[in-house]
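So the structure is just underneath, and the comments pick up after that.
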Amino acid sequence: MADISVGSATWRDASYKTIFLAKDLRIRPFSCLPPNASTKDKMRSEDEKTQMKSIRRDYPTPPPFNRDLIIDTCNTYARGYMRETRTSMSILRQALCEMNHHIHRLQNQRSTLERSHANTRRDILTNNETTHLRSTRPMSERYPDKVDHLLQEEKKGLHDLKRRSENQLHQISRQLQVLCSHRQKLLDFCKEKGRVLDMISENARCREQVGGNKLLGPENIDCQVAIGNALVTSEKFRNTQPPNWQKPEDRRELKETVTQALCKKAEESARIWEDLTLTSGDVKNMMQRQQRIHDEMEAGYQLQLGPVSSLDLSTRERLDRPLVRVLQRHPGTQLPESTLISQGTVCLQKSLNKNRERIGLLHYTQSTLKNDQENKLRGESIDRAAARLRVRSAKGRRERLCL
């Protein structure tokens, strides 16, 4: 049978409340931290400052070792912050290394393109100088030939190559400007983060995860955004480059073709000059022979005409010489001597005129051959000079004048 309480419940609860309070004070540890909470868990909380404020609010009376506890907590927070900063610094440096490699590669490509562009400009100058040099040839040597067509084709190809190389240089310069701006931002973040790494080894291997930066402030988000933008831009530029970016076109084959054509044209001029020389000698011999014939015919013509005065005629040259007078005693014995002499004189005069025309034509031909010889010799000299100019320009890889 259960005992029935006589006293009131309020009276009994007031006494036991005091008992329970005494037991609670006896078993509670003397610490400023709440029960079942370790120092390590408090250091890994997301908001350390809020917890420290709650501690001060829950426990207004600090323990005797409160100063050491606070110092240890703050030191632990500082070391965690530095480790996370070191991890972020390592990521920054990896991104910077990749950016530097990409910038260095673009700079090498730009150097190659600049050399190719300078060679193209020099080849354009050589083409213009070759065209100007060949324009000084005599008029008889300026007929359009295969060399002129090759020079025009070379000039067109060189201008197209120059425009393409200038476009590539412009694109590389723009990419370098963008990448350098991203690199400068990353360098600024590295400089800022390096200010808190004086008391921690920067070369130590960071075991912290990338997503575990819980103690860093909002500036770390800006740093991660800058790293992401830099890597995305670098990858985009790398993917947009054509496959033959580092292989500038070379017109060496066309240039050698033009040089060989010039040499061949000079050899043809030399062969024609030799033929002209032989023909000129033959014409000179023919002219001398015709001149001798003309002199002999001129002497015969003078003999055919006879003396100027009739008093100088000999007896045998007279038409009424004794033999003729005796023959003409019979009727019908008239001799055609005067008629034949007149006809022979006229024919001889015509032959002399034709011979003079032939000699004049030979003189004109001789003069034309000499002029053509001089022109061919001059054309050969100019073509060989143009070929030597192109060979010297191909050997000396130096940039001369600007366009």
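Here is a yes/no grid of residues against (1) open to solvent by less than 60 Å² (accessible area, probe 1.4 Å); (2) within 30 Å of SER173 (Cβ to Cβ); (3) at pLDDT 75 or above:
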residue: MET1; (1), (2), (3): no, no, no
residue: PRO29; (1), (2), (3): no, no, no
residue: LYS40; (1), (2), (3): no, no, no
residue: ARG44; (1), (2), (3): no, no, no
residue: LEU69; (1), (2), (3): yes, no, yes
residue: MET82; (1), (2), (3): yes, no, yes
residue: LEU92; (1), (2), (3): yes, yes, yes
residue: ASN100; (1), (2), (3): no, yes, yes
residue: ASN108; (1), (2), (3): no, yes, yes
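Condition first: without any contact (Cβ under 8 Å) to a residue 24 or more places away in the chain, open to solvent by 80 Å² or more (accessible area, probe 1.4 Å) and more than 16 Å from ASN220 (Cβ to Cβ). Now tell me which residues in region 177-199 satisfy that.
GLN177, GLN184, ASP198, listed by residue number.
Residues of region 368-381 being surrounded by 15 or more Cβ atoms within 10 Å (Cβ to Cβ) and either over 30 Å from SER269 (Cα atoms) or among the polar types (S, T, N, Q) (or both), which ones?
Answer for region 368-381, where residues must be surrounded by 15 or more Cβ atoms within 10 Å (Cβ to Cβ) and either over 30 Å from SER269 (Cα atoms) or among the polar types (S, T, N, Q) (or both): GLN373, ASN375.
Of all residues being open to solvent by less than 40 Å² (accessible area, probe 1.4 Å) and among the small types (Gly, Ala, Ser) in region 129-176, which is nearest to ASN375 (Cα to Cα)? Just the residue, please.
For region 129-176, the residue satisfying everything is GLY157.
Give SER165, SER181, SER140 a once-over and let me know the one that is closer than 28 Å to VAL225 by Cβ and hydroxyl-bearing (Ser, Thr, Tyr).
SER181
For the structure I just gave you, tell me whether SER309 is on the phi < 0 side of the Ramachandran plot, at pLDDT below 75, out of contact with any strand residue (DSSP E or B) (no Cβ under 8 Å at 6 or more places or on another chain) and not β-branched (Val, Ile, Thr).
Criteria met by SER309.
If only one of SER234, SER280 is polar (S, T, N, Q), within 31 Å of the chain's Cα centre (by Cα), assigned to a helix (DSSP H, G or I) and modelled with pLDDT of 75 or more, which one is it?
SER234
Checking the structure you have, find out if any residue of region 249-263 is out of contact with any helix residue (DSSP H, G or I) (no Cβ under 7 Å at 6 or more places or on another chain), modelled with pLDDT of 75 or more, under 30 Å from GLN168 (Cβ atoms) and surrounded by 12 or more Cβ atoms within 10 Å (Cβ to Cβ).
Yes, because at least one residue in region 249-263 is out of contact with any helix residue (DSSP H, G or I) (no Cβ under 7 Å at 6 or more places or on another chain), modelled with pLDDT of 75 or more, under 30 Å from GLN168 (Cβ atoms) and surrounded by 12 or more Cβ atoms within 10 Å (Cβ to Cβ).
Considering only residues of region 337-367 that are open to solvent by less than 60 Å² (accessible area, probe 1.4 Å) and of a type in the set (Val, Ile, Thr), which is farthest from SER269 (Cα to Cα)?
If we take residues in region 337-367 being open to solvent by less than 60 Å² (accessible area, probe 1.4 Å) and of a type in the set (Val, Ile, Thr), then THR345 is farthest from SER269 (Cα to Cα).
Looking at this structure, is MET52 at pLDDT 80 or above and assigned to a helix (DSSP H, G or I)?
no
The values are calculated or read from the model by the stated rules, or taken from the named source; none is laboratory data. If you're wondering where the values come from, they're calculated on a predicted model, not measured in any experiment. No Cβ is skipped: glycine too gets one built from the backbone with ideal geometry, and neighbour counts run over all protein chains shown. Please note that ligands, DNA and RNA were not included when accessible areas were found on the heavy atoms of the full protein model with its side chains. Shrake-Rupley method; radii C 1.70, N 1.55, O 1.52, S 1.80 Å.
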